[in-house]
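Note sheet for the following structure.
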Amino acid sequence: MKKIGILGIILCLILAAFSLFTARETIAQTSDRGEFLSEAFAETSAEVEGWQVHNWSLLANELKSLDELKRLGQELNGSFGIPNAKETSEQKGDQAQYALRGEWHGGADAQLVLTSMKLTNQAPQTVLVLKIERATDDLSDYTQAIQQVEATAGAASAIPQINACIKGLRTGKMDDVELNSLVKKVFQKVKATEIEGVRSELVTSVSGYSPLTKDYIVTNGNKMNLQVAAHYDGHLGKTRILVGSPIVTIEY
């Protein structure tokens, strides 16, 4: 009986060690959204054309005055960091809006918009929109942009609701076989499983879930944090490729 007890303890220790190793391996493989998207986009072999980071966060289910929005907006810009921002404000009935717009690092367009409104048959809302967009072939400050948006939403005591996207171009028109192969290659790179997709003559758009990044949304009961989209631009004679997480927010 003693031998069986000792063997049981040893077996439990081995299983616990294996579980700990597996957990550490999973954590090590998990990357932030910027790194995750950059690696996914690299598999498309497209030339980077630009990127976008967009956040929409609910701050409160109450109306705030224009003066309150202005004070909060100026405070949040200390984190967001738009130098020499252009200020606009507007009050129309039960809706007030305060915005700061300008040039972020590296020539990116940035905006911070606070809106407080009363909706018909709904509770009033005060929301924060943050957006950074840059036309460039350089992704060196992309992760920083995502982190800056996340930190600013956090400074407002809001839950960040961030969509990030990279866009690019490939020469010529890709056929269905090539497009399906491209999507498969991206999904395999980040260990993603397809959740839903649209494949037509006009556009290919496939969404999935990867365990390699912590952020996701839930759609029809399924986790989703990756979208790959492509369409042919006849004016340029090139195929535009977009990779977003959790979804693509750039118009395509």
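The values are calculated or read from the model by the stated rules, or taken from the named source; none is laboratory data. Fair warning: this is a prediction, and the values are worked out from it, not measured in the lab. Ideal geometry is used to build each Cβ from the backbone, glycine not excepted, and the neighbour counts take in all protein chains shown. In case anyone asks, the SASA skips ligands and DNA or RNA and just uses the protein heavy atoms, side chains included. Shrake-Rupley method; radii C 1.70, N 1.55, O 1.52, S 1.80 Å.
Structure above, values below:
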| read-out | value |
| --- | --- |
| Selected residue (criterion: least open to solvent (accessible area, probe 1.4 Å)) from residues of segment 92-102 that are modelled with pLDDT under 95 and part of a strand (DSSP E or B) | Gln95 |
| Candidate set from segment 234-252 (those that are at pLDDT 95 or above and of a type in the set (D, E, K, R)); member that is nearest to Pro211 (Cα to Cα) | Arg240 |
| Scan of segment 44-73 for residues that are without any contact (Cβ under 8 Å) to a residue 60 or more places away in the chain, open to solvent by less than 70 Å² (accessible area, probe 1.4 Å) and farther than 29 Å from Asp32 by Cα, ordered by number | Ser65, Leu66, Leu69 |
| Residue in segment 212-236 that is farthest from the chain's Cα centre (by Cα), counting only those that are open to solvent by less than 30 Å² (accessible area, probe 1.4 Å) and in contact (Cβ under 8 Å) with a residue 40 or more places away in the chain | Asp233 |
| First in segment 169-196 and at positive phi, second anywhere and surrounded by 14 or more Cβ atoms within 10 Å (Cβ to Cβ), Cβ under 9 Å, 6 or more apart | Gly172/Tyr232; Gly172/Lys238; Gly172/Thr239; Lys191/Ser210; Lys191/Pro211; Lys191/Leu212 |
| Output for segment 74-87, where each listed residue is on the phi < 0 side of the Ramachandran plot and open to solvent by less than 60 Å² (accessible area, probe 1.4 Å) | Leu76, Asn77, Ser79, Phe80, Ile82, Ala85 |
| Where Glu25 falls short, out of the listed (1) in a helix (DSSP H, G or I); (2) over 30 Å from Ser181 (Cβ atoms); (3) at pLDDT below 95; (4) out of contact with any strand residue (DSSP E or B) (no Cβ under 9 Å at 6 or more places or on another chain) | (2) |
| Restricting segment 181-211 to residues that are over 23 Å from the mean Cα position of the chain (by Cα) and among the polar types (S, T, N, Q), the residue that is most open to solvent (accessible area, probe 1.4 Å) | Ser181 |
| Residue match in segment 105-128 (condition: touching a Pro at 6+ places or on another chain (Cβ under 8 Å) and among the aliphatic types (A, V, I, L, M)) | yes |
| Pairs with Cβ under 7 Å, 6+ apart, first in segment 109-138 and farther than 12 Å from Ala96 by Cα, second of a type in the set (Phe, Trp, Tyr) and at pLDDT below 95 | Ala110/Trp104; Ile132/Trp104 |
| Matching residues in segment 135-185 - criterion: being assigned to a helix (DSSP H, G or I) and among the aliphatic types (A, V, I, L, M) | Ala145, Ile146, Val149, Ala151, Ala153, Ala155, Val177, Leu179, Leu182, Val183 |
| Qualifying residue in segment 202-217 (condition: at pLDDT below 95, in a helix (DSSP H, G or I) and either acidic (Asp, Glu) or closer than 28 Å to Ala145 by Cα (or both)) | no |
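Every residue, every condition in (1) open to solvent by less than 20 Å² (accessible area, probe 1.4 Å); (2) modelled with pLDDT of 95 or more; (3) farther than 23 Å from Asn61 by Cβ, yes or no:
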{"residue": "Leu114", "(1), (2), (3)": "yes, yes, no"}
{"residue": "Thr120", "(1), (2), (3)": "no, no, no"}
{"residue": "Pro124", "(1), (2), (3)": "no, no, no"}
{"residue": "Val127", "(1), (2), (3)": "yes, yes, no"}
{"residue": "Ile132", "(1), (2), (3)": "yes, yes, yes"}
{"residue": "Ser140", "(1), (2), (3)": "no, no, yes"}
{"residue": "Gln147", "(1), (2), (3)": "no, no, yes"}
{"residue": "Thr152", "(1), (2), (3)": "yes, yes, no"}
{"residue": "Arg170", "(1), (2), (3)": "no, yes, yes"}
